[in-house]
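First the structure, in the form of structure tokens, and then the observations on it.
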Amino acid sequence: MSCFGAKKGTSGKNKTPSITIRSETRQPNNDSRNKVFKLLVIGESGVGKTAITTRYVDDQFKSEMMSTIGVDFKKKKVVRDGIDYNLQIWDTAGQEKFRSMTKSHYRGIQGVIVVFDVTSSESFQNITRWMQDISTHAPPKVFKVLCGNKSDLPGRQVSTQEGNKLSSEYQAPYLEVSAKTNTNITELFDAVVDGIIKTV
């Protein structure tokens, strides 16, 4: 706010008006009640990454889904202790030709879900390669969760014990889920969000 006033000098004549400026310092808007978490969903092609993400965000499941080309993006808001957390969920393609594109999305992530198919031992064996990508490209404190999808299907090739053993090696929680039956989908993302909150 500015105040203008005319002062009289010793001669009785008016001098040039003086200007007093009152400055107001505003604190930056650090709204701790509205946070953004960037999550990455990775794994081999066909393990059900898109099905998991779609089930969580849209509560939908399609038995036939197109393979992700490059990266897909979805958003969802969750609340913890009265604080809003806006999740940016990046669903990545698993094909080798898109690996270089996927690597660029590791920057700035807080959480990553590494998915394999419990009916595919090959997808499980390749978890090591995805974990290496995380170590190379992701921030040091990223929170990891190992996910075995398609737990509803017969013909399992990866046991729960094998999943738990691998997860302990990488110090990451392990959950078995089914996007089709909506089993443990919410619990999967809850584990990621709660893990991030504890580490940030």
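Each reported figure results from applying straightforward, stated rules to the coordinates on display, with no laboratory input. Computed from a prediction, not measured in an experiment: that's the story for all the values here. Here the Cβ is made from the backbone with ideal geometry for all residues, glycine too, and neighbour counts use every protein chain on show.
If you only keep lysine pairs separated by 8 or more in sequence, or across chains, how many in the range 88-200 come under 17 Å at the Cα atoms?
6
Just rank Val57, Val41, Val112, Val79, fewest to most, by other beta-carbon atoms within 10 angstrom.
Values: Val57 16, Val41 30, Val112 25, Val79 9.
Going from sparsest to densest Cβ surroundings: Val79, Val57, Val112, Val41.
Using only the Cα atoms of the range 34-199, what are the Rg and Dmax in Å?
Considering the range 34-199 through its Cα atoms, Rg and Dmax are 14.6, 44 Å.
What is the distance, in nm, between label points placed 7 Å from the Cα along the Cα-to-Cβ direction at Arg80 and at Ile197?
0.5
Arranged by the count of other C-beta atoms within 10 angstrom, fewest first, what order do Val193, Val115, Val78 take?
Values: Val193 19, Val115 29, Val78 15.
Final ranking by Cβ density, sparse to dense: Val78, Val193, Val115.
Which FRET efficiency value, to the nearest 0.05, is calculated for Val36 and Arg129 with the Förster distance at 35 angstrom and r the Cβ-Cβ distance? Present the calculation step by step, with values, prior to reporting the outcome.
Working: r = 29 Å, r/R0 = 0.82.
My answer for the efficiency is 0.75.
Computed over the Cα atoms, what is the radius of gyration of the range 157-200 divided by 2.2 N^0.38 Å, N being its residue count? The partial results should precede the final answer.
Details: Rg = 11.9 Å, N = 44, 2.2 N^0.38 = 9.3 Å.
This ratio for the range 157-200 stands at 1.28.
Among DSSP bridges having both ends in the range 34-199, what percentage is antiparallel? Round to the nearest 5. If you can, show how the numbers build up before the last one.
Values: 11 of 34 bridges.
Antiparallel: roughly 30 percent of the beta bridges in the range 34-199.
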